[in-house]
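The values are calculated or read from the model by the stated rules, or taken from the named source; none is laboratory data. As the structure is a prediction and not an experimental result, all values here were calculated from the model. Note that each Cβ is placed from the backbone with ideal geometry, even for glycine, and that neighbours are counted across all protein chains shown.
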Amino acid sequence: MAVTERVIVGVTGASGIQYAQRLLQVLAQQGLETHVVFSDAAFDVWRAELDVPCDPKKPDLKAFAGADGKFLLYKNSQVGAPPASGSFRHRGMVICPCTMATLGRVANGTGDGLIGRAAEVTLKERRKLLLVTRETPLSLIALRNMVHVTEAGGTIVDANPGFYTRPQTVQDMIDFVVARVLDHLEVEHELGRRWGERQE
């Protein structure tokens, strides 16, 4: 598998699991090998925010994403899984959505699960790490953690949709944020028009 065709997606327990759902759908449509890790709390959010059946013991990623992708699923407790190794090459890692607790662990190098470990390894190997945070207002602690991650080479992609595209649906607003993630991963997509481009 070519390095450019492989990504890691960590899903944590912040509200906004629809962002992860759409991200996995597009990655599947583009044929990328996607290594997925759900935290325990992410399954709680899945059940609360989506109408897709959720079995934490055997998650159905095809049903979750609405697409049949090249998904490889790990438990967050599998700290010895391939994404935890620096020799596991990939295009980049996204934590989407990212809780403030996960942000803090990544910022301070104290990850105790596969998501945190894979994020730390991604940073030390100088690969792309995107944290899709969704929280407001932000505490000074959270802001400082964002600075720490940015200084270490990560990118904070706050889940704030733009309105110059005149979104008509919630899905349009989800797509705006996911499009920014895909742009940073250099994955082709057609999630809405870009500023300055004419709308057909």
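Tell me whether the range 119-142 contains one or more residues that are crowded, with 17+ Cβ neighbours inside 10 Å, hydrophobic (A, V, I, L, M, F, W, C) and in contact (Cβ under 8 Å) with a residue 60 or more places away in the chain. There is at least one residue in the range 119-142 that is crowded, with 17+ Cβ neighbours inside 10 Å, hydrophobic (A, V, I, L, M, F, W, C) and in contact (Cβ under 8 Å) with a residue 60 or more places away in the chain.
Comparison of ASN108, ASN145 shows that the only residue that is over 27 Å from GLY31 (Cα atoms), buried (at least 20 other Cβ atoms within 10 Å of the Cβ) and at pLDDT 95 or above is ASN145. On inspection, SER15 passes the criterion of being within 18 Å of ASP158 (Cβ to Cβ) and hydroxyl-bearing (Ser, Thr, Tyr). Among residues of the range 84-102 that are farther than 27 Å from ASP175 by Cβ, those with a beta-carbon under 8 Å from a residue that is in a helix (DSSP H, G or I) and not hydrophobic (A, V, I, L, M, F, W, C) at least six positions away or on a different chain give the pairs ALA84/ARG117; GLY86/LYS124; PHE88/PRO82.
Among residues of the range 16-42 being of a type in the set (Gly, Ala, Ser) and in a helix (DSSP H, G or I), the one that is surrounded by the most Cβ atoms within 10 Å (Cβ to Cβ) is ALA20. A count restricted to the range 149-177 and to residues that are in a loop (DSSP other than H, G, I, E, B) and either of a type outside the set (Phe, Trp, Tyr) or on the phi > 0 side of the Ramachandran plot (or both) stands at 14.
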